[in-house]
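Each remark here refers to the structure printed beneath this line.
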Amino acid sequence: MKRLTDIAFPLLLAALVLGGWEAAIAHWQVPQYVMPAPSAIARAFCANFTSLMESLFSTLSVTLQAFFAACVLGVAAAIGFSQSRLLERTLYPYAVILQVTPVVAIAPLIMIWVGFEHINLALVIIATIVAFFPILAGATLGLKSADFNLLDLARLHGASRLQILWRIRLPTALPYLLSGMKTAGGLALIGAVVAEFVAGSGTATGLAWRIVESGNRLEIATLFAALALLAAAGVLIFAALSLLEWALLRRWHESAISQAA
C-alpha cells in the first residue's frame, strides 16, 4: 500500500501541473514560441520522434561511456589512495582542483587537443571529468571507513594487504561507492550535454544540439520535448542506480534494510 501511495501522489501532482499548464496557456493565449502547451509538446515529440530518439541515443552513449570510465578511474584511484598515504597527499589536491574548475572553461581546450575528427572521444573525456570526483570521494571515504579493530584482527591472523582490501575495505566502501555513483550518473549526463553545447554545429548530434537548433528556429515545442527527454533520461539513470544499490545492499546494510521494512 505504501509503495502504491509513493507512486500515486507524484503522478497526481504531475497531472495537476500539466492540466494547470494547459489551461493557463489556453486562457491567456500565450504564443507557442513563448511557452508551448503540454499538448503542443506532445505533438512535437510525435512529429520528431525518430530524430529525437537518435539524438537521445547519441547523448546516452556518451553518458554511459563517461560513467563507466569515471567508475573505473575513480575506484582505481581510491584504491591507490587507500594503500598509500603519500599517493593520496600528492594527487588528491589535484583531483579537487579538477573538480572545482568549471568544465565549460576547459571543454574548448579538450576539443582542440583531441581534435574535432575525434569528437565523440572529446565528449566522453569532458563528461568523465565531471562524473569522476563523486566516485573518487565516495570510494576513498568508504575504503578509509573500515573498522580499525577488524583490520587489526585481520593483520593479527596474517591477512595480506590484498586480502584486507578484498574482504574488509571494499565491502565497507560499497555503500559509499554506490551513493557516489548515483550522483555521478546525473553528472555524467550533465557533462555530456555541456560537451555537446561546446562542440557546436556540425559535430554534435545529441539532444543538446537539438535544443540549440530548435531554439534558433523558434521551434520551442520541440525544444521542450528534447528537455523532457533529457529529464527522463536522468531519472532513469538515477532509478537504475538506485535499484542496483538496493539489490547489492538489501540483505546486509542498514540503509537498504530500513527501506525494505
Requested in this report: Sort out the exposed loop trypsin sites (Lys or Arg not before Pro) in the chain (DSSP loop, at most 11 other Cβ within 10 Å) and tell me the longest stretch that has none.
Outcome: 1-216
Query raised in the report: For the chain, what's the relative contact order in percent, using C-alpha pairs closer than 8 Å and at least 6 residues apart?
Result: 25
**Report entry** Value of Rg/Rh across the chain [Cα atoms, Kirkwood radius]
**Finding:** 1.07
Query raised in the report: Using θ = phi - 60° and the Karplus curve 6.51 cos²θ - 1.76 cosθ + 1.60, what whole-Hz ³J(HN,Hα) does each residue of the range 121-127 get, with Gly and Pro shown as x?
Result: 5, 5, 4, 5, 4, 4, 5
Query raised in the report: If R0 is 25 Å, what FRET efficiency do you get for ILE7 and PHE49 from their C-beta distance, rounded to 0.05?
Result: 0.45
Report summary line: Going residue by residue through the range 175-182, the Karplus relation 6.51 cos²θ - 1.76 cosθ + 1.60 with θ = phi - 60° gives ³J(HN,Hα) values, rounded to whole Hz and with x marking Gly or Pro, of x, 5, 5, 5, 5, x, 5, 5
Query raised in the report: If you stretched the chain out fully between VAL235 and ALA105, how much longer would it get, using 0.36 nm times the residue separation minus the C-alpha to C-alpha distance?
Result: 44.1 nm
**Report entry** In sequence order, calculated HN-Hα J values of the range 129-141 (Karplus, 6.51, -1.76, 1.60; Hz; x Gly/Pro)
**Finding:** 4, 5, 8, 5, 5, x, 6, 4, 5, x, 5, 5, 4
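Counting other beta carbons within 10 Å of each Cβ, put MET181, MET53 in order, fewest first.
Exposure proxy ranking, most exposed first: MET53, MET181.
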Query raised in the report: Just how far, in whole angstrom, is the range 217-245 from the range 63-130 if you go by their alpha carbon centroids?
Result: 24
Query raised in the report: If each of PHE68 and SER242 carries a label point 7 Å out from its Cα toward its Cβ, how far apart are those two points in nm?
Result: 2.5
Report task. Work out the charge dipole of the chain with +1 on the Cβ of Lys and Arg and -1 on the Cβ of Asp and Glu about the Cα centre, then indicate which of PHE197, PHE9, LEU136 is farthest towards its positive end. Result -> LEU136
Report summary line: The exposure ranking of SER214, SER145, SER55, fewest beta-carbon neighbours within 10 Å first, is SER145, SER214, SER55
Query raised in the report: Could you give the angle, 0 to 90 degrees to the nearest 10, between helix 85-100's Cα long axis and the longest principal axis of the Cα atoms of the chain?
Result: 10
Report task. State to the nearest 20 debye the size of the charge dipole of the chain about its Cα centre, where the only charges are +1 on K and R beta carbons and -1 on D and E beta carbons. Result -> 780
Report summary line: Quick calc, LEU98 & ARG155: beta-carbon distance into FRET formula, R0 35 Å, rounding 0.05, result 0.55
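Rule-based calculations on the coordinates, nothing more; no lab input. Since this is a predicted model, take the numbers as computed values, not measurements. Cβ: placed from backbone, ideal geometry, glycine included. Neighbour counts: every protein chain shown.
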